[in-house]
1. Does region 95-110 contain at least one residue that is of a type outside the set (S, T, N, Q), at pLDDT 90 or above, within 15 Å of G4 (Cα to Cα) and not in a loop (DSSP other than H, G, I, E, B)?
2. Taking only region 33-91 into account, find how many residues are in contact with a Lys or Arg (Cβ under 8 Å, 6 or more places away or on another chain), within 21 Å of L115 (Cβ to Cβ) and either assigned to a loop (DSSP other than H, G, I, E, B) or of a type in the set (G, A, S) (or both).
3. Kindly establish whether G91 is open to solvent by 60 Å² or more (accessible area, probe 1.4 Å) and over 16 Å from F8 (Cβ atoms).
4. Could you tell me how many of the residues in region 1-16 are in a loop (DSSP other than H, G, I, E, B) and either modelled with pLDDT of 90 or more or crowded, with 17+ Cβ neighbours inside 10 Å (or both)?
5. Could you grab me the full set of residues in region 46-55 that are in contact with a strand residue (DSSP E or B) (Cβ under 6 Å, 6 or more places away or on another chain) and either among the basic types (K, R) or open to solvent by 30 Å² or more (accessible area, probe 1.4 Å) (or both)?
6. Taking the condition part of a strand (DSSP E or B) and either modelled with pLDDT of 85 or more or open to solvent by 70 Å² or more (accessible area, probe 1.4 Å) (or both), does V175 pass?
7. Look at region 95-109 and say how many of its residues are in contact with a strand residue (DSSP E or B) (Cβ under 7 Å, 6 or more places away or on another chain) and closer than 19 Å to G57 by Cβ.
Amino acid sequence: PASGIGTFSTNTPVQVPDGLLAYYCRSEMKNKNGLGIFVRYVEGDVIDANTGVLLSGTPGATYQLYYTAKAGVATESNTLVPVVESTDVSGVDGEYANFVMEGGEFVKIDGTAKLPANSAYLHLPVEIVGNATKIVIDYGIITGVDTPEVDYKTDRFDNIYNLNGQRMSEPLKGVNIINGRKVIIKR
């Protein structure tokens, strides 16, 4: 597609051509920043049969995927459901909400949608997505630590003991046992 990102599935294993990357959505979580979808790179160069994946390539380019006899590496906890034959999918399926790829982002299915063969949809628990109508996935790959955040906290000592096992209200000069660890205080 024009966005360079689309979903894919098939009932046979296929070879991933050069220039195309395949990902699967391994898990989800909700934190203080909202919903997080973890996108994992498909190991190797084969997409396994009946596996929903995200394919990322050059926008507008055409890629040819070919059947292969090799088996792909199985994906774990993949929340992308494969659609190997044209299928009707509802927006809410019991305790799960379903999202379809449109323009590089996942949009919640309104009512029921007819998904084309060889596509996939995102299947997430309603308790995680809440009332979300679309989900944007960041495909950027972090390769190292950029700017770590340091949390400056004052020291808090819950359990302070001396070497005789007597509880103390604060550490003293010498050897103290603080929260189960021996600590030497020099003053």
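The values are calculated or read from the model by the stated rules, or taken from the named source; none is laboratory data. Remember, predicted model here, so these are calculated numbers, not experimental data. As a convention, Cβ positions derive from the backbone with ideal geometry for all residues, glycine included, and neighbour counts pool all protein chains shown. The protein model used for the area step is the full one, side chains on, heavy atoms only, and it has no ligands, DNA or RNA in it. Shrake-Rupley method; radii C 1.70, N 1.55, O 1.52, S 1.80 Å.
1. Yes, region 95-110 contains a residue that is of a type outside the set (S, T, N, Q), at pLDDT 90 or above, within 15 Å of G4 (Cα to Cα) and not in a loop (DSSP other than H, G, I, E, B).
2. 5
3. It is false that G91 is open to solvent by 60 Å² or more (accessible area, probe 1.4 Å) and over 16 Å from F8 (Cβ atoms).
4. Residues of region 1-16 that are in a loop (DSSP other than H, G, I, E, B), as a first pass: 1-4, 9-13, 16.
Going one step further and asking which of them are either modelled with pLDDT of 90 or more or crowded, with 17+ Cβ neighbours inside 10 Å (or both), we end up with 9-13, 16.
Count: 6.
5. Once the filter is applied, which keeps residues that are in contact with a strand residue (DSSP E or B) (Cβ under 6 Å, 6 or more places away or on another chain) and either among the basic types (K, R) or open to solvent by 30 Å² or more (accessible area, probe 1.4 Å) (or both), region 46-55 yields only N50.
6. Working: part of a strand (DSSP E or B): yes; either modelled with pLDDT of 85 or more or open to solvent by 70 Å² or more (accessible area, probe 1.4 Å) (or both): yes.
Yes: the conditions hold for V175.
7. 4
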